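No value in this document is a laboratory result; all are computed from the given coordinates. Quick caveat: nothing in here was measured; it's all calculated off a predicted structure. Glycine also receives a Cβ, built like all others from the backbone with ideal geometry; neighbour counts cover every protein chain displayed.
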Amino acid sequence: MSALSNAIYVRRELLAMLIVRNLKIRYKNSALGFFWSLLTPACFIAIYAVFAGILGIRGRMLGTDGPGFLPFLVTGIVVWQFTATCFSDALQAIAGNANLVKKAAFPRMLLPLSMVLANACNFLLTLVVLWCYLAWAGAGFGAGWLLLLALPAQAALCLGLALLTATANVFYRDTEHIVGVAALAWFFLTPVFYPASLQIEYLGAAPDWLAYLNPMTGLLDAYRQVFLGMPADPAGMAVSAAVSLALLLTGIAVFQSSEGRFGDEL
């Protein structure tokens, strides 16, 4: 692990160039530019707000002590979007850079890492907009220091998923179709537009921590404590953070064991 960290540090200038390249590609020939990083979650917010209104679940989900359904939903969508974007973009992190992988000598991990960091830049800017919206909406903010734990945990989750997905897509091109289905299923299994308490209630007599084996459950708890002042389960968040770290370590191990064959497969 230290050797990998040193290799990335030595190539930090290349990493910075790749991050900038990813940001430029995302907004190339785009009239709205960065605004799309705000417009996309806004569209999702509108769609699911209408969906929830049709089903009449606003009051029943959060109760009278909740922060209001729309701030609750906005926070969930924004946080989810960062993970979902990294998950989908990872498909082309290696497969979409075949010429670079075949012809240049550098740590291949820089490619998925730069993709995650570029998306993290967009996410941080979106969080600023989220904070402004929630302040305008009168949301009660909570323990801000949790953000210092939630951001690295989510970045670890995103990078772990990116490494696994990028590797799989080099050897198995069906991965693209699997990721589409998996992302949709994961979204509905994650408490984005409903509280984690519903998942725990569904589990019945099973231990509450089982719900937090989905790492996004604990991450959403943490972000909603920060931005909405909602109660969070420390033990559950610890379980989700541990799963995120485990995915990162697994992703690194799988990626390193496979990267020597990338050039032959592309």
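Observations on the model:
- The phi-based Karplus calculation (6.51 cos²θ - 1.76 cosθ + 1.60; θ = phi - 60°) puts the 3J(HN,Hα) values of segment 194-211 at 8, x, 4, 4, 5, 5, 5, 5, 5, 5, x, 7, 5, x, 4, 5, 4, 5 Hz, whole numbers, x for Gly and Pro.
- Considering all different alpha carbon pairs of segment 2-265, the Kirkwood hydrodynamic radius works out to 19.5 Å.
- The alpha-carbon atoms of segment 139-266 define a convex hull whose volume equals 116 cubic angstrom per residue.
- Computed magnitude of the charge dipole of the chain (debye, nearest 20; Cβ of K, R +1, Cβ of D, E -1): 800
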